[in-house]
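The values are calculated or read from the model by the stated rules, or taken from the named source; none is laboratory data. Every value quoted in this text rests on a predicted model; they were computed, and no experiment measured them. Heads up, the Cβs are rebuilt from the backbone with ideal geometry, glycines too, and the neighbour counts pull from every protein chain shown.
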Protein chains: 2
Amino acid sequence: MSTIGGKSSRSGQRATAPRSVPKASGQVSAPAVDDRLFLQSVARAIDVLEAFAQSPKPKSLGEIATAAGVNKSAAQRIGLTLLSRGYLERADSGGLMLGRKLLDRSFDYLRSNPLIERALPVLTDLRKQAGERTDLSLFDRTTIIYATRLQSKRETFYATLAGRRIPTFTSSGGRACLALLPDPEVDEILERSERRPMTPKSITDPAKVWAKIREARRDGYACSVEESLIGEIAVGAAISDSRRRPLGAIHIAGSLSEWSVEDFRRRFAPLASEAARALSG
Amino acid sequence: MSTIGGKSSRSGQRATAPRSVPKASGQVSAPAVDDRLFLQSVARAIDVLEAFAQSPKPKSLGEIATAAGVNKSAAQRIGLTLLSRGYLERADSGGLMLGRKLLDRSFDYLRSNPLIERALPVLTDLRKQAGERTDLSLFDRTTIIYATRLQSKRETFYATLAGRRIPTFTSSGGRACLALLPDPEVDEILERSERRPMTPKSITDPAKVWAKIREARRDGYACSVEESLIGEIAVGAAISDSRRRPLGAIHIAGSLSEWSVEDFRRRFAPLASEAARALSG
DNA sequence: AAGGAAGTATCGAACTTCAATACGATCGTG
DNA sequence: CACGATCGTATTGAAGTTCGATACTTCCTT
């Protein structure tokens, strides 16, 4: 997957009306841009970086070219440029891999997001009080992104990393966010979502997801049991802005080996809801 | 700060020998690139993103242009391109701010780094055993980057975020890394480091830093007291590869309000060292 | 009402980028 | 040991993509 239009997107007709550039793929959310203001080489550099999302192993220039959908010359130019800036690094094998500089940018992002700054002390207290993993997620339409994760025990690798995305409709916090939206918008998001289940227990049938969302509207929080990880239960409560638009959610996650579904909900749902309310404006 | 050559870096002489492109600024570590394989527009797009490092607030196109050292037209093109890909977002104020997609890239990076995957369970156990904050940092010559942070109590905002950089010579883990390097290389790193103290207690005098490094060579770990944050003590032990080159370090950090320097060292230095040894190969 | 700043849009020039190609080195295999 | 396949690297002519100045509109501030 990569930019669609292949060859030359902006060629030939110079005096035409503004054409919009098609988005890469996947989630359709970012705004389109007038053709003549669109920088092809920048977009392709992004394609190269994003090519590592599928498999983040070191790649040769040829592999990069294939994965990013550019020719070898472009891979060479882009690769060397990103290398010189630290966004790619040389692997011991000689190939190119993602570079440490990427961490700097995400640090800047985290630092720039006021919600995260406000939420962190609340999350910390919550984790201490609950004794279970506590996450802050950011709502991004069809997916949510975990921005901060405070684990309490040993967790799976992916349960500890910030930046991970999960379909909104399978996650407790995501459903809590959906519960704040008007019906048509929920439908649109469900429509656009990739309906592949993360676990055998994932609820993917729109009707059943809708039932969970209505439940969340009633209760003020949402719950998911083994829908993103077998053996895990989570409750989530949405954080909203002043116009009650969802910004993200607070999650509390625990293990079914230690809790019954009912006990977990009873105990932690109020904590999550209260924390989320404190952060909403 | 941005690319140096201002106007046209690669103009005129087509048939010249390869010239290297000067690095942007700051840390000199990334390799230079042959002029003719260097993508100016990609580099400028990076400049734009990096412009938010100084102050991550939303910026107008004019502010971006100034901060990144490009003209307004370039800021417009780059800004819109990055916006269309989600690496910038529109702020409520109308300006542009960093976008959530940045988190995806750093997630890919974290996921791609085998050390991090191996270290996380070790770190988790260590945090549980120590009951104090436990960090994994990556060695990057003049600076270290915190890649994973497992807090135990309420911490300052910056002590919780991954991606943060700190001068190698002030950090416990950084000094433990330096202790593995040959003398001239240490000198070179100290030379290149920005010697601005992070706190009044920061040791910046090269001779005194060297004393700490020798101490680390003797003990197998390093210690820093209030050098990056007032009231904080930390011990760090280096993780090395098969050739004993430093890859990063394990840090254990606690509060001076709860520990004396000696007690803290005695108790946690062995834990950090053992964990680091387990991860070295 | 004037002045300023912001976002947006346009355009011709030409510099930067493009893609094909070539070269030397390495590697694994027949 | 030679062969073919890939790798990273480097070069080149062509032209398309990018450049930067400029202008327009809108919105605030003074």
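Do we find a residue being under 30 Å from A:R267 (Cβ atoms), surrounded by 23 or more Cβ atoms within 10 Å (Cβ to Cβ) and aliphatic (A, V, I, L, M) anywhere in the stretch A:108-118? Checking the stretch A:108-118: at least one residue is under 30 Å from A:R267 (Cβ atoms), surrounded by 23 or more Cβ atoms within 10 Å (Cβ to Cβ) and aliphatic (A, V, I, L, M). Among all residues of the stretch B:109-127, there is none that is of a type outside the set (S, T, N, Q) and farther than 30 Å from B:K153 by Cα. Taken together, the criteria exclude A:I203 from residues that are in a helix (DSSP H, G or I) and among the hydrophobic types (A, V, I, L, M, F, W, C).
Quick grid of which residues meet (1) at pLDDT 95 or above; (2) away from chain B (no Cβ under 11 Å); (3) in contact with a Pro (Cβ under 8 Å, 6 or more places away or on another chain):
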position	(1), (2), (3)
A:T148	yes, no, no
A:Q151	no, no, no
A:A162	yes, no, no
A:I166	yes, yes, no
A:R175	yes, yes, no
A:P184	yes, yes, no
A:E188	yes, yes, no
A:P200	yes, yes, no
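None of A:G62, A:G69, A:G86 is within 8 Å of another protein chain (Cβ to nearest Cβ), over 13 Å from B:L39 (Cβ atoms) and modelled with pLDDT of 95 or more except A:G86.
Checked against the criterion of being part of a helix (DSSP H, G or I), more than 30 Å from B:L181 (Cα to Cα) and either away from DNA strand D (no atom under 16 Å from the Cβ) or without any contact (Cβ under 8 Å) to a residue 40 or more places away in the chain (or both), the candidates B:R154, B:R77 yield just one match: B:R77.
Checked against the criterion of being near DNA strand C (Cβ under 9 Å from one of its atoms) and either out of contact with any His (no Cβ under 6 Å at 6 or more places or on another chain) or over 27 Å from B:L80 (Cα atoms) (or both), the stretch A:56-67 contains not a single residue that satisfies it. Of the listed requirements (1) free of Cβ contacts under 8 Å to residues at least 40 places away in the same chain; (2) more than 9 Å from chain B (Cβ to nearest Cβ); (3) not in a loop (DSSP other than H, G, I, E, B), A:S93 misses just one: (3). In this structure, B:I46 does not qualify as in contact (Cβ under 8 Å) with a residue 24 or more places away in the chain, within 15 Å of DNA strand D (Cβ to nearest atom) and either surrounded by 21 or more Cβ atoms within 10 Å (Cβ to Cβ) or farther than 22 Å from A:N113 by Cβ (or both).
If you check B:R36, B:R105 for being out of contact with any strand residue (DSSP E or B) (no Cβ under 7 Å at 6 or more places or on another chain), buried (at least 18 other Cβ atoms within 10 Å of the Cβ) and assigned to a helix (DSSP H, G or I), only one passes: B:R105.
When B:A24, B:A53, B:A45 are checked against the criterion of being modelled with pLDDT under 95, within 22 Å of the chain's Cα centre (by Cα) and within 8 Å of chain A (Cβ to nearest Cβ), a single residue qualifies: B:A24.
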